[in-house]
Amino acid sequence: MVSTYDHTQFERHCEPLTAFLQRLRESHERKFDEVLSLAQLQLDDECRLGHNGAEFTGRGIAALAHLVDMPPAVVNWLSARDYDRELSQFVNSELIRLKSQDAQANRADRRVFARFRGDGQGRLYCRGLFSDRYAAVDSWPLMQMVTDSLTREEQQSARVHRMSYDGDELTASLFWPGSERMVNGEAYRVGVAVQTSEVGTLRLRVSAWIGRLVCSNGLIVNSDLGEFVSRRHVGRIDMQELAQGVRGAVACAMEKADRALVQLDSARNILVTDADRTIVQLSRELRLTKDQTRAWLDGHETTINEPGVREVSAFSVVNGLTRGAQNHEFEATTRSYMEWLAGRILAPSLDSSESGMGNWWSELQLRARSLSDEVVAGYRE
């Protein structure tokens, strides 16, 4: 494979913020929520919601299976073999059983918070079922909060990088004029990384972000200091308070990213004696899968082959993780998670000096020595 070291690949993954917001808004306008009783969750023979004919997304049917305590493997097996009628019968029987149990225990009728979306062609989908404790923050309102934190000129010129949105989950990075950085002759962008799930599977997060133009990958800055927005979709969410938090996160994003960028450059001076062993040790501590670890190892190898790198260091290990995150077989949520982990392993905190970072990496390499050659080799097979 021929590798090029220009910025074409980075630009290919970008689009104007204004166009992206328009698509989000159009999608948002086709969504609605409804509180349903157990009786209204009954399915027809085609496994659609009898109440309004909605089909179930994968996450929606998983939520329904969880409600009736049906093992996911059973649902997947029946669905894969087109046993829709049988699956509907099982679900409906369990819903009747739940309703009967509630009646016998003199409990009030159970109410379920259901989320729906249309596709613009007349089809309706049930995308999630929740208790009344679920706190919904959809992608368009969140991105509008981020946009409102910018000046009008910044909004018009801002661009979105590596956006992924399937109607329910959003991951994207955003940068605007003034975000260009040059460090030792290498080009970067700084901005914010945004993620949220409209069906509760991802934390709502707005963090500082660094984009490395030469390889089109990004790093989500360690947010342990608490200046960024990060919360689960439960309880009450005050939208005005959330908007204020988003404004604060956007306002400090460039400063935090600049500090992390200094650390990233300093990481070139922290040598790593055995990169494979160190990566495997980290992957075990971070509980990455074998595929994710292999992608990390491959990403590190690609990083070392870059003309401006060559030397094995903390920088090459961290960049290897962000490169590995771009594996086309990974979902966008996996990519975002791995980029977030890269920010965590770069340094203990944004306040860490180069010597503090060096101590952390020395302790890591010391722990890695306990790994056997067979264990390390197992990730290369």
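Computed from the coordinates by the stated procedures, all read-outs in this text should not be read as laboratory data. If you're wondering where the values come from, they're calculated on a predicted model, not measured in any experiment. Glycine gets a Cβ as well: all are built from the backbone with ideal geometry, and neighbour counts include every protein chain shown.
What relative contact order, as a whole-number percentage, does region 263-314 give when Cα pairs under 8 Å and 6 or more residues apart are counted?
About 57 percent, as a whole number.
Rank the residues 379, 337 as a footprinting-exposure proxy: fewest other Cβ atoms within 10 Å of their Cβ go first.
Working: 379 17, 337 20.
Least to most surrounded, the residues fall as 379, 337.
Normalized C-alpha radius of gyration of region 173-291, against 2.2 N^0.38 Å?
Working: Rg = 16.6 Å, N = 119, 2.2 N^0.38 = 13.5 Å.
In units of the 2.2 N^0.38 Å rule of thumb, it is 1.22.
Note down the relative contact order for region 231-381 as a percent, whole number, built from C-alpha pairs under 8 angstrom at least six residues apart.
On the way: 140 pairs, mean separation 42.0, N = 151.
Relative contact order, region 231-381: 28 percent.
Note down the nm distance, to one decimal, between modelled labels 7 Å out along Cα→Cβ at residue 236 and at residue 182.
For residue 236 paired with residue 182, the spin-label model returns 5.3 nm.
If you take the charge dipole of the chain about its Cα centre, with +1 on Lys and Arg Cβ and -1 on Asp and Glu Cβ, which of 65, 156, 251 is farthest toward its positive end?
With unit charges placed on the Cβ atoms, the residue in question is 65.
Would you please put 63-74, 312-323 in order of how densely packed they are, using the mean number of other Cβ atoms within 10 angstrom per residue and starting with the highest? Don't skip to the answer; put the middle values down first.
Working: 63-74: 15.7, 312-323: 25.0.
So the order, starting with the most tightly packed, is 312-323, 63-74.
For a label point 7 Å from the Cα of residue 284 along Cα→C-beta, name the residues of region 352-369 whose backbone N is under 12 Å from it.
367-369
Taking H placed 1.01 Å from N in the peptide plane, check which residues at least 5 places from residue 135 or on another chain put their amide H under 5 Å from its amide H.
234, 235
Take every Cα pair under 8 Å in region 1-121 that's 6+ residues apart, average their separations, divide by the length, and report that relative contact order as a whole percent.
On the way: 105 pairs, mean separation 44.1, N = 121.
Once normalised by length, the contact order is 36 percent.
Sorted by mean Cβ packing within 10 Å, highest first, what order do the peptides 50-62, 207-219 take?
207-219, 50-62
Rounded, prolate or oblate: which fits region 30-130, taking a ≥ b ≥ c as square roots of the Cα gyration tensor eigenvalues, rounded meaning a/c under 1.5, else prolate when a/b beats b/c? Walk me through the intermediate numbers first.
Values: a/c = 1.95, a/b = 1.20, b/c = 1.63.
It is oblate, given that a/c is not under 1.5 and a/b is not larger than b/c.
Give the label of the value calculated from the structure for semi-axes √(5λ) of the Cα gyration tensor in Å, choosing from (1) 42, 26, 19; (2) 31, 25, 20; (3) 36, 21, 19.
Label of the calculated value: (1).
Under 20 Å from a point 7 Å along the Cα-to-Cβ line of residue 113: which residues of region 146-181 have their amide N that close?
167-170
If you line up the long axis of helix 332-346 against the longest principal axis of the chain, both from Cα atoms, how many degrees apart are they, to the nearest 10?
40
Calculated from DSSP H runs of 4 or more alone, at -39500 (n - 2.57) each and per residue, what is the 222 nm mean residue ellipticity of the chain, nearest 500? Mind showing how you got there, number by number?
On the way: 14 runs with 175 residues, N = 381.
Estimated from H runs of four or more residues: -14500 deg cm²/dmol.
Measure nothing but the geometry: give the 0 to 90° angle between the long axis through the Cα atoms of 139-148 and the longest principal axis through the Cα atoms of the chain, rounded to 10°.
Rounded to the nearest ten degrees, it is 50.
Aspartates and glutamates within cross-link reach of residue 31: Cα-Cα under 19 Å, excluding same-chain residues under 8 positions apart?
Answer for residue 31, where 19 Å is the Cα cut-off: 55, 119, 132, 138, 166, 168, 169, 198, listed by chain and number.
Pop a pseudo-label 7 angstrom from the Cα along the beta-carbon direction at both residue 101 and residue 304 and give the gap in nm to one decimal.
5.5
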